[in-house]
Amino acid sequence: MIRILVDADACPVKDEIYRVAERHAVPVSIVANSAFRVPVGPMVERVVVSDGFDAADDWIAERANPRSIVITADILLADRCLKAGAVVISSTGKPFTTSSIGSAIATRAIMADLRAGGDVIGGPAPFGKTDRSRFLQALDTALVKMKRLG
């Protein structure tokens with residue numbers, strides 16, 4: 001069965017995920033370290049994990065498989081899920097792939113080094129309507145492709 005796994009902390013597209021998942025009749029697991037609201041229904045599962053370091057990431061990575069679509073902005077979690085065969089999409093609609101994850105990890109490490117060295121660097125661009133639209137298209141496309149493959 002296809003399942004959407006969501007790294008819910010700071011995920012700006014949860015409502016969009018619910019809508020697309022409902023349209024495709026695909027269950028969703030929303031995973032976070034604290035209680036939060038989710039729509040009531042049989043297709044949405046709220047998973048509250050401990051507040052331990054990477055507890056949500058571990059829960060998602062342990063369940064990711066080739067029938068999973070993982071929604072996360074966390075590059076290291078994306079890498080773990082790709083290794084498990086999952087499709088991974090960021091909340092801006094950018095897919096993480098086995099071809100792109102290496103450079104994403106390297107860029108993350110460089111940025112962490114710069115921040116640790118005291119360099120002032122800008123953060124990510126503000127989340128906008130184009131990101132939301134790109135995300136909706138990427139999620140819908142991934143679900144259609146996964147259903148076609150059976």
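The values are calculated or read from the model by the stated rules, or taken from the named source; none is laboratory data. Note that the structure is predicted; figures quoted are calculated from it, not measured. All Cβ positions, even for glycine, are placed from backbone atoms using ideal geometry, and neighbour counts span all protein chains on display. Heads up: the accessible areas ignore ligands, DNA and RNA and are worked out on the full protein's heavy atoms, side chains in. Shrake-Rupley method; radii C 1.70, N 1.55, O 1.52, S 1.80 Å.
Residue by residue, here is whether (1) of a type outside the set (D, E, K, R); (2) within 10 Å of the chain's Cα centre (by Cα); (3) within 21 Å of F135 (Cα to Cα) holds:
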| position | (1), (2), (3) |
| --- | --- |
| P12 | yes, no, yes |
| E16 | no, no, yes |
| R23 | no, no, yes |
| M43 | yes, no, yes |
| V49 | yes, no, no |
| A56 | yes, no, no |
| V70 | yes, yes, yes |
| A73 | yes, yes, yes |
| A78 | yes, yes, yes |
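Return the total of residues in the stretch 35-88 being assigned to a loop (DSSP other than H, G, I, E, B), at pLDDT 95 or above and among the β-branched types (V, I, T).
2
Table: residues versus (1) crowded, with 18+ Cβ neighbours inside 10 Å; (2) among the charged types (D, E, K, R).
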{"residue": "A61", "(1), (2)": "yes, no"}
{"residue": "D74", "(1), (2)": "yes, yes"}
{"residue": "L77", "(1), (2)": "yes, no"}
{"residue": "S90", "(1), (2)": "yes, no"}
{"residue": "A106", "(1), (2)": "no, no"}
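In this structure, does P27 turn out to be in contact with a Gly (Cβ under 6 Å, 6 or more places away or on another chain), at pLDDT 95 or above and surrounded by fewer than 19 Cβ atoms within 10 Å (Cβ to Cβ)?
no
Check D9, D15 and return the single one that is assigned to a helix (DSSP H, G or I) and surrounded by fewer than 21 Cβ atoms within 10 Å (Cβ to Cβ). If you could, list the steps in order and put the result at the bottom.
Numbers: D9 fails: assigned to a helix (DSSP H, G or I).
On inspection, the qualifying residue turns out to be D15.
Between a first residue in the stretch 41-65 that is among the aliphatic types (A, V, I, L, M) and a second residue that is part of a helix (DSSP H, G or I) and open to solvent by 40 Å² or more (accessible area, probe 1.4 Å), which pairs have beta carbons less than 7 Å apart while being 6 or more apart in sequence or on different chains?
M43/E22; V47/W59; V49/W59; A61/R80
Return the total of residues in the stretch 47-59 being surrounded by 15 or more Cβ atoms within 10 Å (Cβ to Cβ) and aromatic (F, W, Y).
Counting residues in the stretch 47-59 that are surrounded by 15 or more Cβ atoms within 10 Å (Cβ to Cβ) and aromatic (F, W, Y) gives 1.
Considering only the stretch 92-101, state which residues are of a type outside the set (G, A, S) and surrounded by fewer than 18 Cβ atoms within 10 Å (Cβ to Cβ).
Step one: filter the stretch 92-101 for residues of a type outside the set (G, A, S), giving 92, 94-98, 101.
The answer is K94, P95, T97, T98.
For R67, work out the one condition from (1) under 17 Å from G85 (Cβ atoms); (2) of a type in the set (K, R); (3) surrounded by 18 or more Cβ atoms within 10 Å (Cβ to Cβ) it doesn't fulfil.
Checking R67 against (1) under 17 Å from G85 (Cβ atoms); (2) of a type in the set (K, R); (3) surrounded by 18 or more Cβ atoms within 10 Å (Cβ to Cβ), the one that fails is (3).
Any residue in the stretch 1-28 that's within 18 Å of K145 (Cα to Cα): show its pairings with residues that are open to solvent by less than 50 Å² (accessible area, probe 1.4 Å) and hydroxyl-bearing (S, T, Y) at Cβ separation under 7 Å, as long as the two are six or more apart or on different chains.
From residues that are within 18 Å of K145 (Cα to Cα), the pairs are R3/S29; R3/S68; L5/S29; L5/S68; V28/Y18.
Yes or no: A125 part of a loop (DSSP other than H, G, I, E, B), open to solvent by 60 Å² or more (accessible area, probe 1.4 Å) and in contact (Cβ under 8 Å) with a residue 12 or more places away in the chain?
When the stated conditions are applied, A125 does not pass them.
For the stretch 18-34, name all the residues that are closer than 20 Å to R63 by Cα, of a type in the set (V, I, T) and outside any loop (DSSP other than H, G, I, E, B).
V28, I30, V31
Please determine whether any residue of the stretch 133-149 is open to solvent by less than 80 Å² (accessible area, probe 1.4 Å), farther than 19 Å from R3 by Cα and not in a helix (DSSP H, G or I).
no
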